[in-house]
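Since every read-out is calculated from the coordinates, none of them should be taken as a lab result. Only a predicted model underlies this, so the values are computations on that prediction, with no experimental measurement involved. Virtual Cβ from ideal backbone geometry, glycine too; neighbours counted across all protein chains shown.
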Amino acid sequence: MLDADQIRLIVIDAISDSWEETNDHGVDLREALVPASLIKVLDCRVKEGEIHDAVIDAWLVLIEDTESGEGYRIVASADGSKFGLAIDGVSTGRPLVLCGWYGDFMDALRSM
């Protein structure tokens, strides 16, 4: 598993010179990026008609609205190989729910 500094470097490298890029939600990268922190997310998959839930480790790297702490979050897999979106779960105190993996950091930002 990578550490927080290694995840940060992957994110910064993915942004490169695209700091002004935003998405349909108007996310400002300079405001929305947060120091990488390891969290638990709920990964729900449907396979052959059955639901398979797993709580996995992921790195939280961006919060859509850092002021309120709400909205989409961008998370990285524990090994930093893929990025995805997560949202608040159904009940308070539960892990964020993974919406899916979208590729690299910028792919996840554009998918929001």
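Selection of region 86-108 for residues being under 23 Å from Gln6 (Cβ atoms), assigned to a strand (DSSP E or B) and in contact (Cβ under 8 Å) with a residue 24 or more places away in the chain yields Ala86, Leu96, Leu98, Trp101. I need the full set of residues from region 17-33 which are part of a helix (DSSP H, G or I), more than 19 Å from Leu98 (Cα to Cα) and of a type in the set (A, V, I, L, M, F, W, C), in order please. Correct list: Leu29 only.
If you filter region 1-35 down to residues that are within 23 Å of Ala78 (Cβ to Cβ) and β-branched (Val, Ile, Thr), you find that the one that is surrounded by the most Cβ atoms within 10 Å (Cβ to Cβ) is Ile7. For region 1-21, indicate whether the set of residues that are free of Cβ contacts under 8 Å to residues at least 40 places away in the same chain and under 11 Å from the mean Cα position of the chain (by Cα) is non-empty. So far as region 1-21 goes, no, none of its residues is free of Cβ contacts under 8 Å to residues at least 40 places away in the same chain and under 11 Å from the mean Cα position of the chain (by Cα).
Of the residues making up region 45-82, those that are of a type outside the set (D, E, K, R), surrounded by fewer than 13 Cβ atoms within 10 Å (Cβ to Cβ) and either more than 13 Å from the chain's Cα centre (by Cα) or at positive phi (or both) are Val46, Gly49, Ile51, His52, Ala54, Val55, Ser68, Gly69.
In region 86-103, which residue that is buried (at least 16 other Cβ atoms within 10 Å of the Cβ) and under 21 Å from Val27 (Cβ atoms) is nearest to the chain's Cα centre (by Cα)?
Within region 86-103, the match that is nearest to the chain's Cα centre (by Cα) is Ala86.
Only one of the listed residues (Ala36, Ala14) is in contact with a helix residue (DSSP H, G or I) (Cβ under 6 Å, 6 or more places away or on another chain) and either closer than 19 Å to Gly71 by Cα or in a strand (DSSP E or B) (or both). That residue is Ala36.
The rows are residues; the columns are (1) free of Cβ contacts under 8 Å to residues at least 60 places away in the same chain; (2) closer than 18 Å to Gly26 by Cβ; (3) touching a Ser or Thr at 6+ places or on another chain (Cβ under 7 Å); (4) in a loop (DSSP other than H, G, I, E, B).
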| position | (1), (2), (3), (4) |
| --- | --- |
| Asp57 | yes, no, no, no |
| Ile63 | yes, yes, no, no |
| Ser68 | yes, yes, no, yes |
| Tyr72 | yes, yes, no, no |
| Val75 | yes, no, no, no |
| Gly84 | yes, no, no, no |
